[in-house]
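In what follows, a structure is listed as structure tokens, so that the remarks can point back to it.
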């Protein structure tokens, strides 16, 4: 693997990415239209996809969707992120590149309501009988949900 500086420079030039390095971690932010392309580029540089997850920036009306890669030989990590609108929460799946992405994306879909185009596993895993909104969204009022759904008024205390 090339050094992190060269990797970041290449991603900036080729994909218009914003990059940064701290210790042995390369941070990459790209537009949603380049998210899968950057993942494809990094596929051969990193041995393992560690996670796919999301952060809810409710006040800005955005989700940050990200994945973290690892290279065993060089002990280097890479976090790639993109921002998507909460009201159109959709991004390409990484499952065609890393099969283990399917389960990570499935959990993010279930907890945040983010659709991963191309992932055939998007069905409930933890919330099989759930009728409420995605529970990890910051605007989800779990106390109100419990009080109304299970008729437990003390949940509002």
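Observations, loosely collected:
- Test: residue in the stretch 27-37 that is out of contact with any helix residue (DSSP H, G or I) (no Cβ under 9 Å at 6 or more places or on another chain), more than 18 Å from residue 90 (Cα to Cα) and either in a loop (DSSP other than H, G, I, E, B) or free of Cβ contacts under 8 Å to residues at least 12 places away in the same chain (or both): no
- Matching residues, the stretch 42-52, being touching a helix residue (DSSP H, G or I) at 6+ places or on another chain (Cβ under 9 Å) and buried (at least 18 other Cβ atoms within 10 Å of the Cβ): 42, 49, 52
- Index of the failed condition, residue 87 passing every other in (1) touching a strand residue (DSSP E or B) at 6+ places or on another chain (Cβ under 8 Å); (2) under 23 Å from residue 140 (Cα atoms); (3) not in a strand (DSSP E or B): (1)
- Residue ID - farthest from residue 115 (Cα to Cα), chosen from residues in the stretch 61-79 that are under 9 Å from the mean Cα position of the chain (by Cα) and buried (at least 22 other Cβ atoms within 10 Å of the Cβ): 67
Here's the yes/no breakdown for (1) more than 17 Å from residue 110 (Cα to Cα); (2) touching a residue at least 12 places away in the same chain (Cβ under 8 Å):
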| position | (1), (2) |
| --- | --- |
| 40 | yes, yes |
| 44 | yes, no |
| 60 | yes, no |
| 65 | no, yes |
| 69 | yes, yes |
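- Any hit, the stretch 2-10, residues being farther than 24 Å from residue 126 by Cβ, touching a residue at least 12 places away in the same chain (Cβ under 8 Å), over 15 Å from the mean Cα position of the chain (by Cα) and in a strand (DSSP E or B): no
- Residue 151 meets each of the listed conditions (1) surrounded by fewer than 18 Cβ atoms within 10 Å (Cβ to Cβ); (2) more than 15 Å from the chain's Cα centre (by Cα); (3) under 19 Å from residue 29 (Cβ atoms) apart from (3).
All of the numbers you see were taken from the coordinates with simple rules; none came from a lab. This structure is a prediction, so every number in the text was calculated from the model and none was measured. We place every Cβ from the backbone using ideal geometry, glycine too, and count neighbours over all the protein chains shown.
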